[in-house]
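The values are calculated or read from the model by the stated rules, or taken from the named source; none is laboratory data. On a predicted model such as this, the values are computed, not experimentally measured, just so you know. We place every Cβ from the backbone using ideal geometry, glycine too, and count neighbours over all the protein chains shown. Just so you know, the surface numbers come from the protein's heavy atoms only, side chains and all, with ligands and any DNA or RNA stripped out. Shrake-Rupley method; radii C 1.70, N 1.55, O 1.52, S 1.80 Å.
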Amino acid sequence: MLSTTLPVGQYLLDLHARHKQNRSGAQANYIPELTRVDADLFGLSFVTMDGHIYEAGDTGTLFTIQSISKALIYGLALEDHGREAVLAKIGVEPSGEAFNSIAFDERSNRPFNPMVNAGAIAATALVRGTSHAERYARILDAFERYVGRPLAIDEAVYRSESETGHRNRAIAFLELNSGMIDGDVDEHLDLYFRQCSMLVNTVDLAIIGATLANGGLNPVTGERALSPGNVRSVLSVMNTCGMYDYAGGWQFDVGLPAKSGVGGGIAAVLPGHLGIGVFSPRLDAVGNSERGVRVCEDISGNFRLHLFEDRGGGQDPIRRVYRGTEVRSSRVRRQQEVEALDHFGHAIAVIELQGDLSFMEAERVTRRIGSEISSLSYLIVDMSRLRRVDSVAENLLRMLAQSIAETGQQLAIVSGIPRLREIAGDNGHGSVDLALENFEDSLLRRLAEVDPLAPTEVELESFDLLRDWSPEQLAALAAHVTTRTFSTGEVLVEAGAPANELFFLVDGRVNVSIAVEGGKTRRVSTIDAGNVFGELALFGAARRTADVIAASDGKMLELDASGIAALNGDSNNTHLALALAVGKSLADRLGRANREIQALSR
């Protein structure tokens, strides 16, 4: 694993450290017990759609959920009665008043919305049950499905709220008098005080947000907390009314459905992507967590999470992942190196990206890399299929590259965009094949403590192709080849020329290239010493299909048409042995190509 936190986790740690210095605001004092909470506590958490949790700070500290419960109770009322019935009892318009204001929508004789106290009390009054105990059990069960664990109330806060909640009693009895609610008001209020006193932590808030982001399905437990249709209604009201008198400013600056509580918590939602939980007890003038608001402003701005941000088409950013044992570079190596890469090539991995890369996609990519990196020495990130990479994603990739570098592992980036290649420093490449070849060379150097690029002259009898030949056959071949030296850049074979010669590469390397559109050439493969090229010469009249150009100074043995003819008539069946050996080599390479195609077709 990486020795440091994944980029998103590291970002949260940095964000926590930066905002921990902010000590502005004051704790809620109208519920006396809330003033006993340590004002310096501060935690933040992300939960993704596949249930991955990021956290920083005091994320395990329990605190009372307070008004964040209003979103959950509204959802339960919708489940019990349906949208139209609830809408007849509770409006959905911002009130323009304080959250605990004794004010109602007189035109429709109902509370303005379920996110103010009047609306939340009315929503609690709608929770079905034949008794107080049954109704409380249903509320507790609903909350536990959101967070995925057993919950309890803070008895001290519950008593404090019950003993001092005179304003809420006034609201409830006015609602009863106006026909907005019915039933036992004291029972409704007791349930309301209990739900607000429920103990949660920052991760719980993020899971609540992620559950709403996931269409009502808890991404950690897989349990449904709310039906998808009612999720839409809950998020709509959170979006317009969830942050008290800062709801408009919140939407303008942060742009996420959210609900805050006077206990210092905030639960925010990026639908389809993410839940965010923040806890810090000091509140601003309208009753939202001072640190929490500032943190969410930073998160939304830095990660471009605003609901109306253009995030592209939502395509899975990971196209494919494969290892160096499944797909290798086009380099034609000696058998010893081939076998080493077959055995140890799993230390190299390629991850292909596609589509648009913004925060959510980059988070998935960096986390996937984090899950793979412990078994890797080399990682190639192929970004050549990306349409767009925003600045947030680019910064996360830079953080990842730094973390990988600190472990001693190596990262290569393949892209046609120079600034993206530069993230990997000297390991920026224009093609996956070049990056693979570079890392294969590095791996072979580590395994054998020799440099596969170092000049090594290979005697004819040491060619893998000829390993099963008799001394007589080797002698016959040696008698008909001529030695030829070459210099870097020299054209050894031209495309279109007659294929009359077979070449045994004794020293150096050569590149095989073909012409492509626009007058350019593309490297097909690189051939190392100890291998042959020009095999068409053995199989009748043909013309060369590619150029062969010296990649280094070197030496080769040339078997021309007359030599091939001479071997065809000798008594050692040398021509047949050569044709069979070349055919087997080509078949082996074709078999590997087929396996690579299968790997790339998954």
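Yes/no per residue for (1) of a type in the set (A, V, I, L, M); (2) without any contact (Cβ under 8 Å) to a residue 40 or more places away in the chain; (3) closer than 24 Å to SER233 by Cβ:
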| residue | (1), (2), (3) |
| --- | --- |
| ILE73 | yes, no, yes |
| GLU84 | no, yes, yes |
| LEU87 | yes, yes, yes |
| LEU126 | yes, no, yes |
| SER160 | no, no, no |
Per-region count, the stretch 36-50, residues touching a Ser or Thr at 6+ places or on another chain (Cβ under 8 Å), part of a loop (DSSP other than H, G, I, E, B) and closer than 23 Å to LEU274 by Cα: 1
Matching helices (runs of 4 or more DSSP H) fully within the stretch 136-244 where at least 1 residues are under 26 Å from PRO32 (Cβ atoms): 155-164, 166-177, 185-196, 202-213
Residues that are free of Cβ contacts under 8 Å to residues at least 60 places away in the same chain and polar (S, T, N, Q), drawn from the stretch 371-394: SER371, SER375, SER384, SER391
Of all residues making up the stretch 245-255, the number that are farther than 25 Å from LEU34 by Cβ and assigned to a loop (DSSP other than H, G, I, E, B): 1
In the stretch 408-427, is there at least one residue being buried (at least 18 other Cβ atoms within 10 Å of the Cβ) and free of Cβ contacts under 8 Å to residues at least 12 places away in the same chain? yes
MET198 fails exactly one of (1) loosely packed, with under 13 Cβ neighbours inside 10 Å; (2) within 49 Å of the chain's Cα centre (by Cα), namely (1)
For residues that are over 16 Å from ALA579 (Cα atoms) and in contact with a Phe, Trp or Tyr (Cβ under 8 Å, 6 or more places away or on another chain), scanning just the stretch 485-512, find the one that is surrounded by the fewest Cβ atoms within 10 Å (Cβ to Cβ). VAL493
Please name all residue pairs, on different chains or six or more residues apart, with Cβ atoms under 8 Å, provided the first residue is in the stretch 564-575 and is within 9 Å of HIS480 (Cβ to Cβ) and the second residue is open to solvent by 30 Å² or more (accessible area, probe 1.4 Å) and of a type in the set (Gly, Ala, Ser). none
Answer with yes or no whether LEU217 is surrounded by fewer than 23 Cβ atoms within 10 Å (Cβ to Cβ), in contact with a strand residue (DSSP E or B) (Cβ under 7 Å, 6 or more places away or on another chain), aliphatic (A, V, I, L, M) and at negative phi. yes
Out of (1) more than 27 Å from LEU235 (Cα to Cα); (2) open to solvent by less than 50 Å² (accessible area, probe 1.4 Å); (3) in contact with a helix residue (DSSP H, G or I) (Cβ under 8 Å, 6 or more places away or on another chain), the odd one out for ALA39 is which? (3)
Of all residues making up the stretch 527-586, the number that are more than 51 Å from the chain's Cα centre (by Cα), modelled with pLDDT of 90 or more and assigned to a loop (DSSP other than H, G, I, E, B): 1
Please work out if ALA401 is open to solvent by 20 Å² or more (accessible area, probe 1.4 Å), touching a strand residue (DSSP E or B) at 6+ places or on another chain (Cβ under 9 Å), more than 20 Å from THR48 (Cα to Cα) and in a helix (DSSP H, G or I). no
Mind telling me which of the residues ALA529, ALA515 ends up being open to solvent by 20 Å² or more (accessible area, probe 1.4 Å) and more than 16 Å from LEU559 (Cβ to Cβ)? ALA515
Which condition does PHE143 not pass, out of (1) surrounded by fewer than 17 Cβ atoms within 10 Å (Cβ to Cβ); (2) in contact (Cβ under 8 Å) with a residue 60 or more places away in the chain, if it passes all the others? (1)
When the stretch 242-261 is checked residue by residue, the ones that are over 17 Å from ILE208 (Cβ atoms) and over 26 Å from the mean Cα position of the chain (by Cα) are TYR244, ASP245, TYR246, ALA247, GLY248, GLY249, TRP250, GLN251, PHE252
